[in-house]
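Structure first, then comments.
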Amino acid sequence: MIGPLEPLRDYLRELLGEGFVLVGLGNPLAADDGFGHWVARRLSPLKTHKFKAVAAGVWLERLRPPSEPVVLVDTVCVDREPGTLVVVEKPKLGPDRGSHGLPPDEMMDIRLLIGLVPVKLGFGPMSPEAKSVADAVVRVVKDVVLEGTEGLTDKGLRGSAALY
């Protein structure tokens, strides 16, 4: 079950007016926990004056807080069916989300959380369900960022960068 792709598209269009940084969180070696990292890595070659993507790994507090609004992509533990996409406007992240300082939403302007309810936990590759949702999120973000741009193309990942 994928979830709210059209509302996600609308939120992203609105944010693109100001510009935003997509920050992917998660461990790429830990099954569906790598969802956010995977999405950000696939989008990182796509850079404009209003968009960039950063794969931050598992430590959000190691990221230098961007001045632009932030869209977080991560797995979320909520009472929904595994494999569901969850989109939360202006999420409130508790102090336990970051372990070495202020809560992340006090350090940066987090406008949107794109979350996946994990299907598979532990070490290993992402589940097919998580990969399907990740592919859908990447397509929506690319579509929104590339709308109305002339001459801009997505170069995609090349070589060893495509493996991570």
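Each reported figure results from applying straightforward, stated rules to the coordinates on display, with no laboratory input. This is a predicted model, so every value here is computed, not measured. For neighbour counting, all protein chains shown are included, and Cβ atoms are generated from backbone atoms with ideal geometry for every residue, glycine included.
Can you work out the FRET efficiency for the pair residue 29 and residue 147, with r the C-beta to C-beta distance and R0 = 41 Å, to the nearest 0.05?
0.75
What Kirkwood hydrodynamic radius do you get for the range 10-93 when you take the inverse of the mean 1/r over all pairs of distinct Cα atoms, in Å?
For the range 10-93, inverting the mean 1/r across all distinct Cα pairs yields 13.4 Å.
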